[in-house]
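Below you'll find the structure, written out as structure tokens, and then a few comments.
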Amino acid sequence: MKLPAGVPYSPPPCPGPAAGADVFREVFAALGLGVCLVDAGGAVLLGNRAAERLLGRPPGGLAGRDLQDVAGTGRRPGDRPAGTACRLRDALREGRAARCDEDVFLRADGAPLEVMWTCTPLSPASPDGGAVVAFQDVTARRDERARHEALLASGERALQRAEDVNAALAWLAEVTMELVSAADTEERLGRLARLLVPRLADRAALDLVAEPGLVRRAACADRSGAVGPVSARGAPQQFRVPPSEPLGLVLLGSGTQQSAPGAAGPGGGPPAPPAPPVPSPPVRWQEQPGLGAAVALVVPLRLREHTYGAMTLARTGSGRAFTPAEVELAEEVGLRATLTLENARLYAEQADIAATLQRSMLTDLPPVEGLELAARYRPAGRSAEIGGDWYDAFPLPGGPLALAVGDVAGHDLQAATRMGALRNMLRALAVDRPEPPGSTLHRLDTVMSHLDAADSATAVYGHLHRAAAGAWRFDWSSAGHPPPLLVRPDGRTTLLAEGHGALLGILPDTPRLTAVVPLPPGATLLLYTDGLVESRLRPLDTGLERLRREAAVLAGLPLGELCTALMDSLGTADDDVTVIAVRVPARG
């Protein structure tokens, strides 16, 4: 505060010596930490109530006593013997300041007291020397630090578990991708064996049931790389499994088996049987049921009541048993492998049913004197589906041979049933009355417009007539179908593009044309579906030109071989392919 001019400054009065001592004692007594005034030899001159309470001493119980004795400084139970020098004693003796954040004093009852302390020497001008020692209980801080460290450790363990789970999920995703992307079952299992090593084991094998008690080793791998499913002797790796071994137990319906010294059985039961001893040469580890390992985990490949086989994981180096988390991960892999095998089985069954149904709907070629007939059908790569391709050949009243090839859009059961209905309707109309092929297709258009026969269908329908002097001719009409191909004995080819019209059933009121072409002696006539000449990567014009070139080169083959060779050379896996061929006799 600024005083008015001319007014002298007078400081406030200071308390006298007696008043100052009283204030000091009040503050000294009220401090929450222990404070002791000690002389140069370490004897306590004065201690406050907090110091007495912390050390378990009665009021006035510290005065005149050696702080080293009453606080037990320099002694840590079970750690240092009594009388060992400590930093506090050294600081008192040398008259210097010191501090310790972690020390142990002993209470009067012998209980340890975690403290931190400071030692501050009195003024060097003091005739007796001495120091002020202040200390406080840090047990709560220690406990809090311990709790913090425990929480930190728990968080690190949780983080590690989360990282392990994420790594396992990423690996399972990789396993699933490999299982679904492989072309066939053998390749899928081979890829799986390579993934299992070294992620879960030093060696891995996948065995499939061949018959009761007999398994076939479909794939195996070790740390050196994948080993194929065929033994060194070149024969399939098949062997019988004793029912007492872990693999035999799994195949008989038990759960996962771990074979290791002291390893518990499934569900915490008694230990599993020990691993079989390593066979002597010349049997290789790939041909051993237990893979020659001291520690093996056998996981069933089973879905519902059907056992496909087992997955064996072996550890040959460390001999470490599989942990519960590893067993759970292996069983998840086994389930995914089992689903792959189940899907493959169902797909194969459906494919077989589809192929059987498809072939049952195709026609047996009739014997015709003087003509050679051949037909081939090949389903698309998606062989579990039923296609709409068809061919037909049947004699007509009066002598001509009817030839037909067609395609109903779609690859399902509906397409197959509509294909069968369309073929049968064409047969009925053709036999009903003698007329040119174009007229028969026109009547088929009319029938289709009144019936739900097919949404989109194409066909070529024609008659083979025997002319005078052994000559032959072909009358035909096309409903949106690729043109027939005429191959002459010298290799010259002609696409028969005449007689072409709209798809079946599209224009029921529009008459259809009938084209006629003579067939030279020894000529071959090919009728086919679009799968032979067209695909997503190949336009129709390109496919037709390729067909002409290939047919010219292969013209000399027997008729059945010609059909097969053309399908092998030109057909694709995207669509069904049907070929029917007729070869007229050469001039005798």
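Please treat every number below as a calculation from the coordinates, not as lab data. Since this is a predicted model, take the numbers as computed values, not measurements. No Cβ is skipped: glycine too gets one built from the backbone with ideal geometry, and neighbour counts run over all protein chains shown.
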- [ ] Pull out the extension gain between ASN343 and LEU513, defined as 0.36 nm times the separation in residues minus the alpha carbon to alpha carbon distance; nm, one decimal.
- [x] 56.3 nm
Open item on the list: Only counting other Cβ atoms within 10 Å, I'd like TRP472, TRP390 sorted with the fewest neighbours first.
Closed with: TRP472, TRP390
Task: Sorted by Cβ density within 10 Å, fewest first, the residues LEU54, LEU547, LEU451, LEU67 - done: LEU451, LEU54, LEU547, LEU67
- [ ] Evaluate the charge dipole of the stretch 458-575 about its Cα centre and quote only its size in Debye, nearest 20, assuming +1 on the Cβ of each Lys and Arg and -1 on the Cβ of each Asp and Glu.
- [x] 340 debye
Task: R0 of 22 Å, Cβ-Cβ distance GLU114-GLN160: FRET efficiency to nearest 0.05 - done: 0.10
Task: Net charge contributed by nearby residues that have their C-beta within less than 13 Å of ALA219 (K/R +1, D/E -1) - done: 0
TODO: Could you calculate the contour length gain from ARG433 to ALA565, that is, 0.36 nm times the residue separation minus the distance between their Cα atoms, to one decimal place in nm?
DONE: 43.8 nm
Open item on the list: Using Cβ contacts closer than 10 Å as the measure, can you line up ARG302, ARG93 from fewest to most?
Closed with: ARG93, ARG302
Task: Of VAL516, PRO539, SER456, farthest towards positive along the dipole that unit charges on Lys, Arg, Asp, Glu beta carbons give the stretch 361-583 - done: VAL516
